[in-house]
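A.B. asks: Okay, here's the structure, questions in a sec.
The values are calculated or read from the model by the stated rules, or taken from the named source; none is laboratory data. Because the structure is a prediction, the values reported are computed rather than measured. Virtual Cβ from ideal backbone geometry, glycine too; neighbours counted across all protein chains shown. Note: areas computed on protein heavy atoms with side chains; ligands, DNA, RNA excluded. Shrake-Rupley method; radii C 1.70, N 1.55, O 1.52, S 1.80 Å.
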Amino acid sequence: MAAYVVARILNIETKDFTHVLAKFKGLPHRLENIYQDKKLQVVNNSKATNLYATLKAISNYKNIYLILGGRAKEKSFKKILNYNKNITKIYLIGESAEIIFKQLKNIIECEKCENIEIAIKKILSDIKDKKNPNTLLFSPACASFDQFVNFEQRGNFFKKIIRKYLYV
């Protein structure tokens, strides 16, 4: 909205503004849509290194298969339970997997996975026979330092594995 107001102040034509807006690509690893077909949308949100960022991401999607975990910054992940209608299943990775599992398992189906690649393989297997559109959301709510140098390396690894299994 702010960009539109500035465009109006600068007398930029609305059609020019909407043309540029349609071509705008956000920054990598921030709700980055990396794959989409009729059955599956894959979103890389590796930048979500805290619970608040992940909750915002979850609120944007339905039928979510969520990859969550890493080095936890928060002690409680129970706020995720407020979004249980958006989430089909959670796949937990990293050193925080057990802590998060204990907090969420009674309300949302959760599965612990050794790493991102195993989580992706399980998700693709779980959605294989689903009819409705699904979202694979990688929004860890944790720092990456237990397995990666930073969120960029983690996000690039996620994209590499998605390309490997979805031939993107």
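A.B. asks: May I ask you to list the residues in region 138-168 that are open to solvent by 80 Å² or more (accessible area, probe 1.4 Å) and among the hydroxyl-bearing types (Ser, Thr, Tyr)?
C.D. replies: Listed by number, the list holds a single entry, 167.
A.B. asks: Right, here's the next one. What about residue 73, is it open to solvent by 70 Å² or more (accessible area, probe 1.4 Å), among the charged types (D, E, K, R) and farther than 26 Å from residue 4 by Cβ? Break it down into steps so the answer makes sense when it comes.
C.D. replies: On the way: open to solvent by 70 Å² or more (accessible area, probe 1.4 Å): yes; among the charged types (D, E, K, R): yes; farther than 26 Å from residue 4 by Cβ: yes.
Taking the combined requirement at face value, the residue satisfies it.
A.B. asks: Considering region 11-52 alone, what residues qualify as being open to solvent by 30 Å² or more (accessible area, probe 1.4 Å), closer than 25 Å to residue 149 by Cα, part of a loop (DSSP other than H, G, I, E, B) and touching a residue at least 24 places away in the same chain (Cβ under 8 Å)?
C.D. replies: Selection gives 28, 31, 47, 50.
A.B. asks: Working carefully through the options 91, 4, find the one that is touching an Asp or Glu at 6+ places or on another chain (Cβ under 6 Å) and not charged (D, E, K, R). Show your work before the answer.
C.D. replies: On the way: 4 fails: touching an Asp or Glu at 6+ places or on another chain (Cβ under 6 Å).
Sole residue among the options that is touching an Asp or Glu at 6+ places or on another chain (Cβ under 6 Å) and not charged (D, E, K, R): 91.
A.B. asks: Which of the numbered conditions does residue 55 fail, given that it passes all the others? Conditions: (1) within 26 Å of the chain's Cα centre (by Cα); (2) over 19 Å from residue 138 (Cα atoms); (3) aliphatic (A, V, I, L, M); (4) surrounded by 15 or more Cβ atoms within 10 Å (Cβ to Cβ).
C.D. replies: Evaluating residue 55 over (1) within 26 Å of the chain's Cα centre (by Cα); (2) over 19 Å from residue 138 (Cα atoms); (3) aliphatic (A, V, I, L, M); (4) surrounded by 15 or more Cβ atoms within 10 Å (Cβ to Cβ) leaves (2) as the failure.
A.B. asks: Among the residues in region 8-24, are any closer than 24 Å to residue 127 by Cα and in contact with a helix residue (DSSP H, G or I) (Cβ under 6 Å, 6 or more places away or on another chain)? Steps first, answer last, please.
C.D. replies: At the first step, the residues of region 8-24 found to be closer than 24 Å to residue 127 by Cα are none.
No.
A.B. asks: Now for a separate question. Report whether or not residue 31 is of a type in the set (A, V, I, L, M) and closer than 30 Å to residue 125 by Cβ. Before the answer, list the steps.
C.D. replies: Values: of a type in the set (A, V, I, L, M): yes; closer than 30 Å to residue 125 by Cβ: yes.
Taking the combined requirement at face value, the residue satisfies it.
A.B. asks: Right, here's the next one. Do the conditions hold for residue 103, that is, is it touching a helix residue (DSSP H, G or I) at 6+ places or on another chain (Cβ under 8 Å), in a loop (DSSP other than H, G, I, E, B) and not charged (D, E, K, R)? Please lay out each step first, then the result.
C.D. replies: Working: touching a helix residue (DSSP H, G or I) at 6+ places or on another chain (Cβ under 8 Å): yes; in a loop (DSSP other than H, G, I, E, B): no; not charged (D, E, K, R): yes.
Here the answer is no, as residue 103 does not meet what is asked.
A.B. asks: Right, another one. Could you figure out which of (1) open to solvent by less than 50 Å² (accessible area, probe 1.4 Å); (2) charged (D, E, K, R); (3) assigned to a loop (DSSP other than H, G, I, E, B) isn't true of residue 89?
C.D. replies: (3)
A.B. asks: Is it fair to say residue 82 is part of a loop (DSSP other than H, G, I, E, B), open to solvent by 90 Å² or more (accessible area, probe 1.4 Å) and not aliphatic (A, V, I, L, M)? Reasoning before the result, please.
C.D. replies: Values: part of a loop (DSSP other than H, G, I, E, B): no; open to solvent by 90 Å² or more (accessible area, probe 1.4 Å): yes; not aliphatic (A, V, I, L, M): yes.
When the stated conditions are applied, residue 82 does not pass them.
A.B. asks: Of the numbered conditions (1) touching a helix residue (DSSP H, G or I) at 6+ places or on another chain (Cβ under 8 Å); (2) open to solvent by less than 60 Å² (accessible area, probe 1.4 Å), residue 112 fails exactly one; give the number of that condition.
C.D. replies: It is condition (2) that residue 112 fails.
A.B. asks: Any residue in region 120-144 that is modelled with pLDDT under 95 sitting within a Cβ distance under 9 Å of a residue that is among the hydrophobic types (A, V, I, L, M, F, W, C)? List the pairs, counting only those 6 or more apart or interchain.
C.D. replies: Close Cβ pairs (under 9 Å, with a partner that is among the hydrophobic types (A, V, I, L, M, F, W, C)) amount to 130/40.
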